[in-house]
Amino acid sequence: MQLAIVHGKVWGRPPATAVAIDGDRIAAIGTDADVRALMHEDARVIDARGATILPAFNDAHLHFLMGSRGLSYLDLFGLQTQSEVELRIREFAALKSRAWLMGRGWFYSAFPGGMPTLELLDRLVPDQPAYMESFDTHCAWVNSRALEAAGISPRESDGVLKEQAMEDFERHLPTPTAAQDLEALQAGMRIAAAHGVGSVQEASRGLKQLPLYQTLHERAELTMRVRLAFDMAPGLSAHDWEKRLDTYQDARRQAATGGAVATGILKAFADGVVESKTAAMSEPYAGMSADQPGALGAPLWEPGELARAIQAADRRGWQVEVHAIGDAAIRDALDAFARLDPARRHRVEHIEAPSAEDIARFGKLGVIASMQPQHAAASLTEVWRRHLGPVRAANGWPWKEILRSGGHLAFGTDWPVVPLDPFASLAEAITTLSLDDAVAAWTSGAAYAEHSETSKGELRDGMLADIAVLDRDLAQTPPGEIASTKVEATVVGGRLVYER
């Protein structure tokens with residue numbers, strides 16, 4: 001036995017206090033005496049000091065490469081006022097460290113009217129291209145120099161790019177080298193390990209990222225497990241979609257790395273976000289009439305197109321996850337999944353504003369509800385609530401109702417939309433859920449969502465040794481102190497990847 005964790009409280013296994021690890025698996029769980037009796041004299045011992053020994057967290061939805069790249073950008077997350085944003089940009093622009101000023105994280109609510117302007121960024125950054133993503137990554141704020149670099153006249157733009165316009169613009173941005181991306185991923189993995197995260201489920205653009213993670217795995221530098229979602233985009237003919245699936249199938253075979261890097265899932269966007277009024281709604285946004293352009297948001301697929309693409313993927317053995325925030329998009333996704341085998345465990349991501357009558361369909365259809373509790377924090381939802389109106393806003397984020405009706409929950413962060421911090425997520429979730437249910441959504445629920453519940457997500461003999469040791473007894477921690485929990489050690493596959 002190479003590693004033992006003793007003198008703790010094993011989550012979900014009272015009265016067990018210790019875990020023995022042999023190779024990449026849990027060899028035994030029991031009392032300190034039970035585990036010490038199995039130890040070799042040269043085994044490494046971690047003293048949990050009476051704190052919780054937890055299954056490592058599994059972030060069911062995030063954008064890990066995007067978040068890792070963004071660690072070097074100007075950080076605007078958390079700034080509540082325009083004056084704070086202006087000061088931060090001026091300070092960063094004065095450094096002139098790169099040809100482009102890249103930033104991310106601004107809140108819609110920081111600006112009068114909910115959106116920044118071209119004129120403001122031109123004033124703050126007059127002499128170099130500037131590109132700054134909103135916190136939810138669905139809008140980009142650019143200046144005239146950036147527009148000109150992309151061949152766009154500033155007279156043709158208000159400085160805010162939404163959804164597809166933002167995605168089209170990205171090809172004009174500086175492209176990181178593979179070496180830079182590997183360095184960024186290593187920085188991101190250090191953050192993940194420090195927060196007890198042993199697995200991540202990358203929510204988009206997985207095909208291009210596969211070689212990066214394979215390189216880290218081959219170098220024995222990968223300190224977490226990764227599941228990559230490949231993109232599922234509208235506008236393809238049935239023939240072209242089948243050809244794309246052929247390409248994905250080849251990549252899926254290449255991804256076999258003993259469980260460290262995997263795929264098997266496709267990601268589609270059904271709509272945008274409430275803050276930019278691009279989430280697809282069945283009733284107009286607050287203050288808008290049905291005949292106004294954009295009153296119902298912006299569905300991204302033609303009627304019936306999403307269902308046909310999902311059915312084709314399902315026939316080929318793929319699980320599908322659909323970004324759906326507005327009630328109309330959520331219903332379209334559920335309708336598409338209704339005709340399919342529940343054993344595939346298709347997923348809907350985010351589920352911010354569903355219709356009440358669709359909540360019970362998650363359990364009935366066997367569709368996973370993949371949600372991110374931090375998104376519901378009061379500091380992030382001022383514009384969200386204003387755009388929905390009080391009635392719809394009051395019924396948002398129904399993770400408790402979905403669970404009660406028989407649905408399966410999987411929690412994540414959507415990093416870099418919010419920090420890669422499971423404890424902030426738990427603190428938000430337990431405003432309506434029990435702590436046991438919230439932890440389960442972050443561990444066994446997330447494992448179930450990726451068809452890996454037989455190997456991880458719980459602390460059991462023979463399961464993968466993916467473990468987080470906390471700095472306190474989580475079950476005895478007051479709700480108001482959950483967010484301040486720290487991780488003392490993280491083990492992934494029997495390897496100690498973090499120790500505080």
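Applying the selection to the range 317-341, what residues are closer than 22 Å to D136 by Cβ and in a helix (DSSP H, G or I)?
D327, A328, A329, I330, R331, D332, A333
Given (1) within 22 Å of A192 (Cα to Cα); (2) surrounded by fewer than 20 Cβ atoms within 10 Å (Cβ to Cβ), identify the lone condition not met by R404.
Status for R404: all satisfied but (1).
Of these, H138, H172, which one is touching a residue at least 12 places away in the same chain (Cβ under 8 Å) and more than 27 Å from H387 (Cα to Cα)? Can you show your working first?
On the way: H138 fails: more than 27 Å from H387 (Cα to Cα).
Every option except H172 fails the conditions.
Which of the residues belonging to the range 343-355 are outside any strand (DSSP E or B) and either buried (at least 24 other Cβ atoms within 10 Å of the Cβ) or touching a helix residue (DSSP H, G or I) at 6+ places or on another chain (Cβ under 8 Å) (or both)?
First, the residues of the range 343-355 that are outside any strand (DSSP E or B): 343-346, 351-355.
Matches in the range 343-355: R344, R345, H346, I351, E352, A353, P354, S355.
Pick out the one residue from L161, L124 that is assigned by TED's automatic domain parsing to the domain that holds L101 and either in contact (Cβ under 8 Å) with a residue 24 or more places away in the chain or of a type in the set (S, T, N, Q) (or both). Walk me through how you get there before you give the answer.
Details: L161 fails: either in contact (Cβ under 8 Å) with a residue 24 or more places away in the chain or of a type in the set (S, T, N, Q) (or both).
Answer to the check: L124.
Kindly list the number of the only condition in (1) of a type outside the set (K, R); (2) modelled with pLDDT of 95 or more; (3) farther than 27 Å from P422 by Cα that fails for A229.
(3)
Please work out if A475 is of a type in the set (A, V, I, L, M, F, W, C), assigned by TED's automatic domain parsing to the domain that holds K9, surrounded by fewer than 21 Cβ atoms within 10 Å (Cβ to Cβ) and over 28 Å from Y108 (Cβ atoms).
Working: of a type in the set (A, V, I, L, M, F, W, C): yes; assigned by TED's automatic domain parsing to the domain that holds K9: yes; surrounded by fewer than 21 Cβ atoms within 10 Å (Cβ to Cβ): yes; over 28 Å from Y108 (Cβ atoms): yes.
Yes.
Among the strands (runs of 3 or more DSSP E) confined wholly to the range 8-64, which include 2 or more residues that are touching a Pro at 6+ places or on another chain (Cβ under 7 Å)? It would help to see each step written out before you state the result.
Values: elements: 18-22, 25-30, 44-47, 52-55, 57-62.
By residue number, no strands (runs of 3 or more DSSP E) qualify.
Determine whether the range 302-316 contains at least one residue that is part of a loop (DSSP other than H, G, I, E, B) and crowded, with 19+ Cβ neighbours inside 10 Å.
Within the range 302-316, the subset part of a loop (DSSP other than H, G, I, E, B) is 302-304, 316.
Subsequent filtering for residues that are crowded, with 19+ Cβ neighbours inside 10 Å retains none.
So far as the range 302-316 goes, no, none of its residues is part of a loop (DSSP other than H, G, I, E, B) and crowded, with 19+ Cβ neighbours inside 10 Å.
Confirm whether G23 is touching a Phe, Trp or Tyr at 6+ places or on another chain (Cβ under 7 Å), in contact (Cβ under 8 Å) with a residue 24 or more places away in the chain and more than 25 Å from A475 (Cα to Cα). Outline the logic, then answer.
On the way: touching a Phe, Trp or Tyr at 6+ places or on another chain (Cβ under 7 Å): no; in contact (Cβ under 8 Å) with a residue 24 or more places away in the chain: yes; more than 25 Å from A475 (Cα to Cα): yes.
Answer is no for this residue.
Would a scan of the range 112-121 turn up a residue that is β-branched (V, I, T) and more than 25 Å from G297 (Cβ to Cβ)? Full working, then the answer.
To start, the set of residues in the range 112-121 that are β-branched (V, I, T) comprises 117.
The next check asks that each one be more than 25 Å from G297 (Cβ to Cβ); those that pass are none.
Checked against the condition, which is being β-branched (V, I, T) and more than 25 Å from G297 (Cβ to Cβ), the range 112-121 yields no hits at all.
Can you tell me how many residues in the range 451-500 are part of a loop (DSSP other than H, G, I, E, B) and not polar (S, T, N, Q)? Before the answer, list the steps.
Here is the first cut: in the range 451-500, the ones part of a loop (DSSP other than H, G, I, E, B) are 451-463, 465-466, 471-473, 477-478, 485-486, 493-494, 500.
Those left that are additionally not polar (S, T, N, Q): 451, 453, 456-463, 465-466, 471-473, 478, 486, 493-494, 500.
Going through the range 451-500 one residue at a time, the tally reaches 20.
Give the range 118-151 a look and list any residue that's in contact with a Phe, Trp or Tyr (Cβ under 8 Å, 6 or more places away or on another chain) and β-branched (V, I, T), or say none.
Scanning the range 118-151 gives a single hit, V142.
The values are calculated or read from the model by the stated rules, or taken from the named source; none is laboratory data. As the structure is a computational prediction, the values presented were derived from the model and not from experiment. We place every Cβ from the backbone using ideal geometry, glycine too, and count neighbours over all the protein chains shown.
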